[in-house]
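Below is one structure, written out as structure tokens, with a few remarks after it.
Nothing in this text is a laboratory measurement; each read-out follows from the coordinates by a stated rule. The structure presented is a predicted model; accordingly, all values stated were derived computationally and were not measured. Please note: Cβ atoms are built from the backbone with ideal geometry, for glycine as well, and neighbour counts cover all protein chains shown.
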Amino acid sequence: MLGGMHMTASVPPLPKIELLIDALEQLVTLPPGRRGPAPQILLTQLTEGPEAGRIADGLCARFSAGGRARVPFAQVAGEAETPRQEHVGATFQKIEEELLRNRPGGFGRLRLPQFRLMCGIVEADLAGCPLGAQATELRNRSYEAHCARSVFLRALQAVSGGEEPPPSIPGTAWYWLRRPLFGLLPRWWYGRRHGRRMTRKGSWYRTWAELPEGGPGFFTDACRLTVGAPGAARREPIVDVLLRALLADLERAFRHPRLSPWGRRRRHRVVLVFPQPPAIGDDTGRLLEQFPQAVEHTGCTGVMLMAAVRPGRERTESFAEAAITLKSWIGATGAGGARVVRVGVEPHADDEDAARWLGRYPEIAVGRSRSDAAPRAEAAVAAVAGVTVLGLLGGYGVAWLTARSDTACLGGSGASATPAPTASASASGGKGDGRSRPPDRSPRAVYDDAVAAITRQNKRADKAARSGDMVRTVGYLGVPVTAGDWDQAKYSGAIPEVRGIALAQEEINEQADQQKSSKVWLRVRLMDAGERFTRAPAAARALAKEVRAAERAGNGEQFLGVVGLGQSRPGTLSARNILAGAGLPMIGTAATAEEMQRSPMYRQVAPDNHREARIAANFARHANIVQTAPGTCAPAKKAVVIGDPTDIYSANLSDRFAEEFEDVHRIWYPVQRPSASPPPKPKGQGGEWVSHTSQMADSICRRLKEEPRTVVYWAARAHEFENFLDDFDRRTGCNGQSTVLGGNDLDNAVVEQQRPSEKHLRLRLYYAAQALAKGSSPNVKGDDFRRRYHDAYGSDLWSNDARVPLAWDALGVLSEGINAAYQSAGTAPFGRGGVQAALERGVGGAEGLRGATGSLIYGEGAKVPVNKRLLILHDTRGGSPEIALECGIRDSRDEAKTWGPRNAFDCPRDQDDDKDGKGDDD
């Protein structure tokens with residue numbers, strides 16, 4: 001029911017009062033979003049009389065009609081009907097009671113969480129509680145008071161078992177299983193949530209209490225407001241916090257109006273009306289005094305306060321002047337303290353115009369009346385509709401994602417946006433038009449640039465040696481640039497490897513210059529291995545002879561190791577054996593055939609063919625790479641493996657892939673001896689020998705027609721790949737549609753130069769790579785490498801060539817072994833034996849060495865880094881390759897162990913391989 005005065009009181013018809021009432025009610029009905037700070041209207045009774053109180057009571061009568069409030073308001077007069085709370089005070093009890101009573105239809109339940117929290121705090125008596133436990137006790141009491149108003153929390157308390165466990169052992173065990181979850185956790189969360197809300201930056205409590213950053217928590221500070229807290233003037237801070245908490249809650253009631261059916265109906269300000277002037281010692285006086293500052297602290301716009309007050313020294317305005325002031329506030333948003341207007345009220349005879357207006361408009365105009373049932377029905381309909389829509393969308397989304405992930409082609413359609421030309425492309429003479437081109441200069445000139453960088457570093461090392469620094473020499477055994485055109489030079493790997501060596505030497509010597517007592521300067525000697533490493537044995541013999549001669553002459557061990565050996569060729573194996581016989585440690589760059597590892601002095605930085613084949617077979621079995629319809633792909637069921645039986649790398653890789661994938665057809669293509677006849681027992685099951693790429697293309701097309709879900713695994717060298725694709729497009733009936741998965745010899749530089757996906761539009765090409773230097777750095781060492789490469793060479797054909805960072809890492813591993821031997825020797829001489837011992841133990845220990853291609857973790861005696869990072873890339877038309885798979889260790893405690901959509905597939909790992917018994921070399 002409404003208060004007793006609402007139905008009988010009316011606004012006295014004083015002259016011009018209708019102007020004030022009209023302007024005031026327009027402010028009340030101003031919707032959220034168009035309001036300024038909460039207004040405060042003080043009706044000042046200038047001479048003796050009841051007019052100010054009658055105006056206030058009359059307004060309350062206008063705020064209701066037909067026994068129901070039309071706007072939310074509180075008529076604060078008389079005693080509250082609820083049991084008295086001594087420390088909260090009658091004024092605030094009456095405000096809460098009136099607000100809960102006088103709510104318009106559709107307004108919904110009014111929640112006052114902060115106000116009730118502060119009421120509980122000021123009523124709490126902590127006199128008997130130890131000082132250090134008062135904050136926790138205050139939180140617990142506040143939580144219990146909150147539970148008394150919440151059915152859900154009362155249920156949790158009941159389930160938790162209360163404060164005391166039962167006497168039986170099973171009961172006690174069950175009690176402590178459920179008590180933390182249902183009792184202690186909700187209490188802790190309540191305290192944390194309210195503590196953060198009340199003391200976060202910008203909160204009214206933090207502003208009022210002047211709490212410093214990182215100061216005491218809310219409940220600790222609030223103890224000063226409890227019963228018996230020290231301080232004579234306790235009433236003033238209590239009124240201050242209760243007022244601010246009330247305004248904060250009332251403002252909160254207008255938030256998110258579009259999300260709540262009740263919030264959409266809360267269109268009018270809450271009006272607090274005080275018809276009687278405050279008595280001496282009454283809370284109302286402090287409340288009226290603090291209202292402007294409280295509005296500023298809380299940012300309240302949804303409240304209007306009207307009160308009858310006694311006259312003071314402040315200037316008052318007439319009804320007409322006050323009406324003009326109030327209308328000026330309509331639509332004027334902003335922030336700050338409350339806008340205050342003091343209206344002078346004096347006795348006067350009834351005014352006919354005012355009486356006529358008040359009779360014509362007896363109540364506030366708020367539009368149509370609203371019912372409580374409407375928002376409930378709307379909420380129910382919205383809930384049902386929301387659940388239905390979410391269910392349908394969820395089902396559709398799951399179905400769509402499942403279907404798409406089951407059939408979507410891995411790596412997209414093959415099209416890719418062409419990157420913008422880069423200025424850095426010109427650094428090496430390239431044409432920055434998306435794909436990198438060979439430089440405009442000769443291969444030899446580009447190669448000589450990198451050689452010149454090594455020569456400069458060697459001169460720096462010689463100068464350091466003359467200054468007494470520790471300097472040693474290592475060799476790089478690799479192929480030189482002999483071809484006069486780029487068609488042949490692009491396959492050799494000479495330029496990218498020498499660039500990697502040059503950049504690594506520069507970094508190593510920079511560190512040696514800074515850490516003279518623990519690092520060794522390196523000279524690098526370039527050793528000509530000849531085309532396909534045919535002259536590598538001769539170069540190795542010459543070096544071995546030189547090393548032995550130096551030993552006999554007593555010149556010490558100045559030459560400490562060799563890097564390179566980047567191709568798995570017969571000449572490479574012979575050179576390896578010769579160098580091992582001379583006691584020279586070796587670190588291989590890009591060679592991956594397992595036969596390379598059959599020497600105690602040899603190690604490599606690239607993952608070997610066994611690991612690559614396991615990952616490639618796993619990829620082909622699970623990835624959607626074979627196109628079955630436009631935009632639809634599936635994993636491969638069968639594979640056609642292309643290998644060269646006369647090539648150590650190719651034969652080993654094709655054998656390993658056939659073992660892992662199993663359902664394969666072998667095609668042997670002896671590139672160096674095309675007319676060679678197959679042996680009496682063809683190598684591998686289902687082996688087929690061809691002498692030309694056209695025969696290979698015909699055979700593959702037949703296999704694709706028999707089983708469309710067939711992948712071509714290219715384990716041969718890269719220089720015949722373009723010829724095969726041309727023959728497959730022109731000479732077969734397969735219309736050029738195929739999926740090819742290439743080995744690591746089909747590297748990024750070759751792909752960027754041949755551009756197969758641009759020339760053969762129905763080709764889906766994937767290929768293995770030890771690194772994607774330009775686009776995917778595994779760690780900070782990779783970032784440093786990329787920066788150095790870009791500074792030296794810009795963006796060119798070899799920016800993404802894995803052989804550059806592999807050469808960088810190889811020299812880095814050998815340098816770490818040399819530094820370890822130097823540090824272990826102390827002041828004694830050190831040599832190749834110490835370097836070999838350090839490499840045998842594994843440089844970097846259990847964490848390994850951070851490299852540009854990933855972490856290099858060598859177990860004791862290991863030849864290949866464990867779980868070495870490997871990528872499978874998808875070639876795109878006109879753009880950089882996309883990473884379709886990444887497996888292996890990027891950095892310390894950072895390993896890619898899964899791949900595919902939603903990381904659905906496990907990466908093959910070396911530990912799993914050892915368990916299967918396949919870790920030994922054949």
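If you take every residue apart from Asp513 with its C-beta less than 12 Å away from the C-beta of Asp513, what net charge results, scoring Lys and Arg +1 and Asp and Glu -1? Net charge around Asp513: 0. Summarising the label geometry, the points placed 7 Å from Cα in the beta-carbon direction at Glu551 and Glu81 lie 10.9 nm from one another. In terms of other Cβ atoms within 10 Å, Val384, Val813 run from fewest to most in the order Val384, Val813. Cα centroid separation, segment 16-66 to segment 460-537: 91 Å. Thinking of segment 703-760 as a set of Cα atoms, what percent of all their pairs are more than 18 Å apart? More than 18 Å apart: 32 percent of the Cα pairs in segment 703-760.
Distance between the modelled labels on Ala148 and Thr628, one decimal in nanometres: 6.8 nm (7 Å Cα→Cβ projection).
About its Cα centre, segment 610-743 has a charge dipole of approximately 240 debye under the convention of +1 per Lys or Arg Cβ and -1 per Asp or Glu Cβ, with nothing else charged.
For segment 778-854, what is the convex hull (Cα atoms) projected area averaged across all directions, in square nanometres? Intermediate results must be reported in sequence, preceding the final value.
Values: hull surface 24.3 nm².
Computed as one quarter of the Cα hull surface, the answer is 6.1 nm².
Taking 4 °C and 1.567 mPa s as conditions, segment 610-743 diffuses translationally at an estimated 88 µm²/s according to Stokes-Einstein applied to its Kirkwood radius (Cα pairs).
In the frame of its principal axes, segment 530-662 has Cα extents of 72, 24, 24 Å, reported largest first.
Taking every alpha-carbon pair under 8 Å whose residues sit at least 6 apart, segment 562-673 reaches a relative contact order of 22 percent. Potential lengthening of the chain between Ser369 and Thr388 amounts to 3.7 nm, from the contour at 0.36 nm per residue minus the alpha-carbon distance.
Summing Lys and Arg as +1 and Asp and Glu as -1 over all other residues whose Cβ lies under 10 Å from the Cβ of Asp729 gives a net charge of +2.
Per the Debye formula with a single identical scatterer at each Cα and no solvent contribution, what log10 I(q)/I(0) holds for segment 736-824 at q = 0.25 Å⁻¹? Calculated log10 I(q)/I(0) at the listed q: -1.22. Please give the Cα centre distance for segment 100-129 versus segment 265-339, rounded to the nearest Å. Result: 22 Å between the Cα centres.
The distance linking segment 802-847 with segment 233-256 is 71 Å (Cα centroid to Cα centroid, whole angstrom). Placing pseudo-labels 7 Å out from each Cα toward the beta carbon at Lys201 and Asp350 gives an inter-label distance of 6.1 nm.
Return Thr388, Thr827 ranked ascending by Cβ neighbour count within 10 Å, so the fewest neighbours appear first.
Values: Thr388 10, Thr827 4.
Neighbour counts put them in this order, fewest first: Thr827, Thr388.
By the beta-carbon count within 10 Å of each Cβ, the least crowded to most crowded order of Ile648, Ile121, fewest first, is Ile648, Ile121. Scaled against 2.2 N^0.38 Å for its residue count N, the alpha carbon radius of gyration of segment 6-99 is 1.22. Using C-alpha pairs under 8 Å with a sequence gap of at least 6, the mean separation divided by the residue count of segment 610-743 gives a relative contact order of 27 percent.
When the chain is fully extended, how far beyond the present Cα-Cα distance does Asp663 get from Glu210, taking 0.36 nm per residue of separation?
155.5 nm
By how many nm would the segment from Arg702 to Ser518 grow when fully extended, if each residue of separation counts as 0.36 nm and the alpha-carbon distance is taken off?
On the way: separation 184, 0.36 × 184 = 66.24 nm, distance 6.27 nm.
So the extension gain works out to 60.0 nm.
Once Rh for segment 766-922 is found with the Kirkwood sum over Cα pairs, what is the Stokes-Einstein diffusion coefficient at 25 °C and 0.890 mPa s, in µm²/s? Could you put the intermediate results ahead of the total?
Working: Rh = 17.1 Å.
For the chosen part, D equals 144 µm²/s.
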